[in-house]
Amino acid sequence: MAVGLLAVGFLVGSIPFGLLVGKACGVDVRTAGSGNIGATNVWRTCGRRAGLAVFALDVAKGLAPTMLAQTLRPEHYGLHVLAGLAALFGHAFSPFLGFQGGKAVSTCLGVVLALSPTAGLSGLALWALLVRLTGYVSVGSLAGSLTAAVVILFTSGHWAYRLAMWTAAILIWVRHRANIQRLLRGEELRYDGTQRASASLEPPSS
């Protein structure tokens, strides 16, 4: 059962909903916008409804395998974590995309909502606030993942859940390396596809 749950988690996580929804709209999101298969780029290239659909589906990819493991083996906390992480890594390294994939933020949200709803909702709330204030989804994603990782330290009684969230946060930050570099140069795209060069985080030259 454990092997089966991990396999299900990875395969479900591997489904490239962003690519599928984009193609249904007549767009290959890998060659449009930022080139990412995540909900943000689908929103940017295919519209709000398509982006929201991909967001919901990617969240479900993390939520469903984790909750399935919790339901079938409620006493095996490590298995809950592994099922969720399998979905997370399936999304980030999908065999359907040549072991490439998205940034894993939405799928991570699904996993953490199953492990600790308080941590998940806290990270989501900060994500939404920062995206609203800055226009940068990457800023919200980076801050939201760290917030969830900190909150879960106080809301989950099992070390495996805490370790899983910190592992997910590290993966998200690693997957956002290019975004961080663009933010520092003031070249990051906002969620509407525009740049705001004045938002550069580089200190002014003296």
Task: Looking only at region 67-82, and only at residues there that are touching a helix residue (DSSP H, G or I) at 6+ places or on another chain (Cβ under 8 Å) and under 16 Å from Trp159 (Cα atoms), the one that is surrounded by the most Cβ atoms within 10 Å (Cβ to Cβ) - done: His80
- [ ] Consider Thr134 carefully, then state whether it is within 20 Å of Val54 (Cβ to Cβ) and β-branched (Val, Ile, Thr).
- [x] no
TODO: Would you point out which residue out of Thr45, Thr71, Thr40 is in a helix (DSSP H, G or I), modelled with pLDDT under 90, of a type outside the set (Gly, Ala, Ser) and more than 17 Å from the chain's Cα centre (by Cα)?
DONE: Thr45
- [ ] Please work out which one of (1) in contact (Cβ under 8 Å) with a residue 40 or more places away in the chain; (2) in contact with a Phe, Trp or Tyr (Cβ under 8 Å, 6 or more places away or on another chain) is the condition Leu163 fails and give its number.
- [x] (2)
Open item on the list: I'm trying to understand the selection: among the residues of region 124-154, which are under 20 Å from Arg190 (Cβ atoms) and of a type in the set (Val, Ile, Thr)?
Closed with: Val131, Thr134, Val137, Val139
TODO: Those residues that are among the aliphatic types (A, V, I, L, M) and surrounded by fewer than 14 Cβ atoms within 10 Å (Cβ to Cβ), I need them from region 1-36; list them, please.
DONE: Met1, Val3, Ala24
- [ ] For region 44-67, state whether one or more residues are of a type in the set (Gly, Ala, Ser), over 19 Å from Val111 (Cα atoms) and in contact (Cβ under 8 Å) with a residue 60 or more places away in the chain.
- [x] no
TODO: Restricting attention to region 139-163, report how many residues are under 17 Å from the mean Cα position of the chain (by Cα) and at pLDDT below 90.
DONE: 0
Open item on the list: Looking at region 92-105, I want the residues that are free of Cβ contacts under 8 Å to residues at least 24 places away in the same chain and have a partner that is in a helix (DSSP H, G or I) with Cβ atoms under 7 Å, at least 6 apart or on another chain. Which pairs are those?
Closed with: none
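The values are calculated or read from the model by the stated rules, or taken from the named source; none is laboratory data. In this text the structure is predicted, and so the values were computed from the model without any measurement. Note that each Cβ is placed from the backbone with ideal geometry, even for glycine, and that neighbours are counted across all protein chains shown.
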